[in-house]
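The values are calculated or read from the model by the stated rules, or taken from the named source; none is laboratory data. Predicted model only: the values in this text are computed from it and were never measured. Positions of Cβ are backbone-derived with ideal geometry, glycine not excepted, and every protein chain shown enters the neighbour counts.
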Amino acid sequence: MRKTEVLGIPLTDYTIRESMKKVDSFFKDGRVSTVAVITMKGLLVAHEDESIKEWMTKIDLAVPADVEILRAGDIAFHNRIRDVENNVFVTEFFKRLARQKKTVYLLSDNSAKLEKLKKEILSYEEDIRIIGSFSLDSTENGDDYVVNEINMAFADVLISNLESPGRESFLSENHMKLNVAIWMMVRADVDLSERENGFLRKIHKQILKKIFSARLIRYHVQNAEQEHIPESSTCNIDSEEKL
C-alpha cells in the first residue's frame, strides 16, 4: 500500500494481492463498499470540481486505469505499471466474482450504455452471473424507485457506468440505501477493456496524455511558486498602540 497524491487528490495504491484482500473483506463487512476505476480524465475533472474531488477521496478502493496516474504519483514499480497496462485488477475482480458465484446487477443511464457495459464484462468472464439491470432513461420515477429495483434483485455487486455528475449525486443520496456488498463504478466514456480500441481512440488517449502531463507541470509550478512567496509584512499593532 502506498499513499500518494495527484493534482492535489489523495490516492492510495494497492498491489493486486492487497486489492483482492480488500475485495474479500468488502463481502464480509456488512456495508456498501465502493470501488472506482480512476482515469486521467477523471482526475483532471476532479481537480477543477470540488464535489467530484470529494467523491473520489471517499472511494474505498480507487483503481488506476492509466499508468500515467502511477507515474504522476511517483509509483514507478515495474510490476504495478504492468498490472495497470494489462487491466489486471479488472480481470482478477471478475474472475473472483465468477469463481465465488457472486451475483451482479448493472446500472446505466440508457440502454445503449447498459448493453456496452454488459458486453465488456462478459468479454472478461462469460460465467459472470448478471441477474438484473436497469437504465435510468426507462423510468420517470425518482431514485427511491431505482434503489428498490436494485435491492429486490438481492445482488452481491452493483456495477454502474453513470455519467458525471449524476454518478456522484446518486452515490451521495443512495449509498446507505443499497443492499449490495460492493458498488463498482466506471466512467461512462471508458472501456473496461483496451482490447477493442481503434485508431481514433488511441489518438484521443495520446492527446489526453499530453493534456494531463501539461496540467501536472502547471500544478507543480504553481505549488512551487506559492511556497516561495514571502510572507506579507504585518503591522505590530501593540507597538503602535503604545506610541
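Could you tell me which residue of the range 75-130 is nearest to ASP143 (Cα to Cα), considering only residues that are hydroxyl-bearing (Ser, Thr, Tyr) and in contact (Cβ under 8 Å) with a residue 40 or more places away in the chain?
Going through the range 75-130, the residues hydroxyl-bearing (Ser, Thr, Tyr) turn out to be 91, 103, 105, 108, 111, 123-124.
Now drop any that are not in contact (Cβ under 8 Å) with a residue 40 or more places away in the chain, which leaves 103, 105, 108, 123-124.
On the way: THR103: 22, TYR105: 16, SER108: 13, SER123: 30, TYR124: 30 Å.
Filtering the range 75-130 for residues that are hydroxyl-bearing (Ser, Thr, Tyr) and in contact (Cβ under 8 Å) with a residue 40 or more places away in the chain, the one nearest to ASP143 (Cα to Cα) comes out as SER108.
So that you can scan it fast, the table gives a plain yes or no per residue for (1) at pLDDT 95 or above; (2) under 24 Å from VAL63 (Cβ atoms); (3) touching a strand residue (DSSP E or B) at 6+ places or on another chain (Cβ under 9 Å):
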{"site": "PHE93", "(1), (2), (3)": "yes, yes, yes"}
{"site": "GLN100", "(1), (2), (3)": "yes, yes, no"}
{"site": "TYR105", "(1), (2), (3)": "yes, yes, yes"}
{"site": "TYR124", "(1), (2), (3)": "no, yes, no"}
{"site": "ASP144", "(1), (2), (3)": "no, no, no"}
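Determine whether VAL45 is surrounded by fewer than 19 Cβ atoms within 10 Å (Cβ to Cβ), β-branched (Val, Ile, Thr), in contact with a helix residue (DSSP H, G or I) (Cβ under 6 Å, 6 or more places away or on another chain) and at pLDDT 90 or above. It is true that VAL45 is surrounded by fewer than 19 Cβ atoms within 10 Å (Cβ to Cβ), β-branched (Val, Ile, Thr), in contact with a helix residue (DSSP H, G or I) (Cβ under 6 Å, 6 or more places away or on another chain) and at pLDDT 90 or above. Across the range 31-49, the number of residues qualifying as outside any helix (DSSP H, G or I) and under 15 Å from ILE69 (Cβ atoms) comes to 4. Within the set ALA62, ALA98, the sole residue that is part of a strand (DSSP E or B) and either crowded, with 16+ Cβ neighbours inside 10 Å or over 19 Å from the mean Cα position of the chain (by Cα) (or both) turns out to be ALA62. When you check LYS28 against the structure, is it part of a helix (DSSP H, G or I) and assigned by TED's automatic domain parsing to the domain that holds GLU85, yes or no? No, not satisfied.
Please go through the range 1-22 and give me each residue that is aliphatic (A, V, I, L, M), touching a strand residue (DSSP E or B) at 6+ places or on another chain (Cβ under 7 Å) and either in a strand (DSSP E or B) or in contact (Cβ under 8 Å) with a residue 40 or more places away in the chain (or both), ordered by number. It would help to see each step written out before you state the result.
Of the residues in the range 1-22, the ones aliphatic (A, V, I, L, M) are 1, 6-7, 9, 11, 16, 20.
In the following step, the residues that additionally are touching a strand residue (DSSP E or B) at 6+ places or on another chain (Cβ under 7 Å) were identified as 1, 11.
Within the range 1-22, just LEU11 meets the criteria.
What do you reckon, is ILE9 surrounded by 18 or more Cβ atoms within 10 Å (Cβ to Cβ) and modelled with pLDDT under 90? Criteria not met by ILE9. Can you pull out the residues in the range 108-124 that are in contact with a helix residue (DSSP H, G or I) (Cβ under 7 Å, 6 or more places away or on another chain) and buried (at least 19 other Cβ atoms within 10 Å of the Cβ)? Residues satisfying the conditions are SER108, ILE121, TYR124. Among the residues examined, ILE150 does not qualify as in a loop (DSSP other than H, G, I, E, B) and among the β-branched types (Val, Ile, Thr). Give the residue that is surrounded by the fewest Cβ atoms within 10 Å (Cβ to Cβ), with candidates limited to residues of the range 125-143 that are touching a helix residue (DSSP H, G or I) at 6+ places or on another chain (Cβ under 7 Å) and over 23 Å from ARG167 (Cα atoms). So, considering only residues that are touching a helix residue (DSSP H, G or I) at 6+ places or on another chain (Cβ under 7 Å) and over 23 Å from ARG167 (Cα atoms), the one surrounded by the fewest Cβ atoms within 10 Å (Cβ to Cβ) is ASP127.
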